[in-house]
1. Taking the stated definitions as given, is VAL45 within 10 Å of the chain's Cα centre (by Cα) and not in a helix (DSSP H, G or I)?
2. Just to be sure I understand, how many residues within the range 1-31 are at pLDDT below 95 and of a type in the set (A, V, I, L, M, F, W, C)?
3. Show the residue pairs that are 6+ apart or on different chains and have beta-carbon atoms under 6 Å apart, the first residue being within the range 42-68 and within 19 Å of ASN24 (Cβ to Cβ), the second being of a type in the set (Lys, Arg).
4. Consider LEU71 against the criteria (1) free of Cβ contacts under 8 Å to residues at least 40 places away in the same chain; (2) surrounded by 14 or more Cβ atoms within 10 Å (Cβ to Cβ); (3) not acidic (Asp, Glu): it satisfies all of them except one. Which criterion is unmet?
5. Which condition does ARG65 not pass, out of (1) surrounded by 15 or more Cβ atoms within 10 Å (Cβ to Cβ); (2) among the charged types (D, E, K, R); (3) at pLDDT below 95, if it passes all the others?
6. I need the full set of residues from the range 19-41 which are in contact (Cβ under 8 Å) with a residue 12 or more places away in the chain and closer than 18 Å to SER73 by Cα, in order please.
Amino acid sequence: MATAYHTCVDQIGDTAGMIWRHLNENGSRTLTQLAKEIDAPRDVVMQAVGWLAREQKLTIEEGSRKKVVSLCS
């Protein structure tokens with residue numbers, strides 16, 4: 001069980017790194033765009049966004065129909 005946990009956490013952490021680099025290179029994205037542009041399962045992308053938000057590495061702005069993710073400046 002511990003191995004599966006570490007593998008899952010590692011995958012989320014690796015995906016968080018991909019998201020940070022992607023936003024750094026390409027600027028703000030909607031959650032939908034991120035899910036399509038990042039090479040990882042959608043649920044892992046969302047978990048990684050939460051990880052980065054919790055660490056105050058990015059912000060999530062809620063619009064009328066979408067959420068926009070940006071790196072903190």
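The values are calculated or read from the model by the stated rules, or taken from the named source; none is laboratory data. All figures in this text were calculated on a predicted structure; none of them were measured in a lab. When we count neighbours, we look across all protein chains shown, and the Cβ atoms used for this are built from the backbone with ideal geometry, even at glycine.
1. Details: within 10 Å of the chain's Cα centre (by Cα): yes; not in a helix (DSSP H, G or I): no.
Spelling it out, it is not the case that VAL45 is within 10 Å of the chain's Cα centre (by Cα) and not in a helix (DSSP H, G or I).
2. Total meeting the criteria: 5.
3. ILE60/LYS67
4. Tallying (1) free of Cβ contacts under 8 Å to residues at least 40 places away in the same chain; (2) surrounded by 14 or more Cβ atoms within 10 Å (Cβ to Cβ); (3) not acidic (Asp, Glu), LEU71 fails exactly one: (1).
5. So ARG65 meets the others, but not (1).
6. Narrowing the range 19-41 to residues in contact (Cβ under 8 Å) with a residue 12 or more places away in the chain: 19-20, 22-24, 27-32, 34, 37-40.
Scanning the range 19-41 gives ILE19, TRP20, HIS22, LEU23, ASN24, GLY27, SER28, ARG29, THR30.
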